Each structure stands twice: as structure tokens, then as C-alpha cells.
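Trainee: Following this message is one structure expressed as C-alpha cells.
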Amino acid sequence: MSMWKYIKLSGSVGKNAQNHPEDVMTIQGRLMKWIGMGHLPGVDTIAVDGICGPRTRRAIGAFQKK
């Protein structure tokens, strides 16, 4: 069984997105796994708080570039 399961969001997450708190927390949790595993070097840890602030947006950008 893969660690990376598909997830379903109710809307988009990121800059100029819908950013529903539950969706943001889901993405933040996934990003924290990637950060913790060293897959996004140079990206600071982020709070899993449902707020799509600057650190979360930077982490999303780093993930998208990867």
C-alpha cells in the first residue's frame, strides 16, 4: 500500500484559490510529510493550521517545481 494516497479536495489551495480550511490543512499535512522526508530541501516547516499563508504558499510552489 502506497504512502501517497489520492485525496479529494472541495476546492483549490494556494494563491488566489478558494482555500477552504479543511483543504488547506490536508495539503499542509502532505507538504509537512515531504518536508520531513527531505524531499523539499530549503523549505521551512509549516503549521498545519488551515491558513494558506506565505510559508504554505512557498511550500506549494516548491512542490510544484519538484
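The values are calculated or read from the model by the stated rules, or taken from the named source; none is laboratory data. All values derive from a computational prediction rather than experimental measurement. Quick reminder, even Gly has a Cβ in these numbers, built from the backbone with ideal geometry, and neighbours come from all protein chains shown. Protein only, heavy atoms only, side chains kept; ligands, DNA and RNA dropped before computing areas. Shrake-Rupley method; radii C 1.70, N 1.55, O 1.52, S 1.80 Å.
Trainee: Would you please name the residue that is most open to solvent (accessible area, probe 1.4 Å), looking only at residues in the range 12-21 that are in contact (Cβ under 8 Å) with a residue 12 or more places away in the chain and of a type outside the set (A, V, I, L, M, F, W, C)? Let's see the steps before the verdict.
Mentor: Initially, the range 12-21 is screened for residues in contact (Cβ under 8 Å) with a residue 12 or more places away in the chain, giving 13-15, 17, 19, 21.
Narrowing the set further to residues that are of a type outside the set (A, V, I, L, M, F, W, C) leaves 14-15, 19, 21.
Working: 14: 7, 15: 158, 19: 43, 21: 69 Å².
Checked the range 12-21; the qualifying residue most open to solvent (accessible area, probe 1.4 Å) is 15.
Trainee: Quick one: is residue 24 modelled with pLDDT of 95 or more, in a loop (DSSP other than H, G, I, E, B) and open to solvent by less than 40 Å² (accessible area, probe 1.4 Å)? It would help to see each step written out before you state the result.
Mentor: Numbers: modelled with pLDDT of 95 or more: yes; in a loop (DSSP other than H, G, I, E, B): no; open to solvent by less than 40 Å² (accessible area, probe 1.4 Å): yes.
Against the criterion (modelled with pLDDT of 95 or more, in a loop (DSSP other than H, G, I, E, B) and open to solvent by less than 40 Å² (accessible area, probe 1.4 Å)), residue 24 does not qualify.
Trainee: Pairs, please: C-beta under 7 Å, at least 6 apart or cross-chain, first residue under 14 Å from residue 16 (Cβ atoms) and in the range 47-58, second open to solvent by 20 Å² or more (accessible area, probe 1.4 Å) and basic (Lys, Arg)?
Mentor: 57/15
Trainee: Still on this structure, I have one more. Evaluate the following for residue 53: is it under 13 Å from residue 63 (Cα atoms) and not hydrophobic (A, V, I, L, M, F, W, C)? If you could, list the steps in order and put the result at the bottom.
Mentor: Numbers: under 13 Å from residue 63 (Cα atoms): no; not hydrophobic (A, V, I, L, M, F, W, C): yes.
So residue 53 fails the test.
Quick grid of which residues meet (1) among the acidic types (Asp, Glu); (2) in contact with a Gly (Cβ under 7 Å, 6 or more places away or on another chain):
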| residue | (1), (2) |
| --- | --- |
| 16 | no, no |
| 23 | yes, yes |
| 29 | no, no |
| 48 | no, yes |
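Trainee: Only residues that are part of a loop (DSSP other than H, G, I, E, B) and surrounded by fewer than 16 Cβ atoms within 10 Å (Cβ to Cβ): list them for the range 27-48, please.
Mentor: The initial filter retains those residues of the range 27-48 that are part of a loop (DSSP other than H, G, I, E, B), namely 37-48.
The answer is 37, 38, 39, 41, 42, 44, 45, 47.
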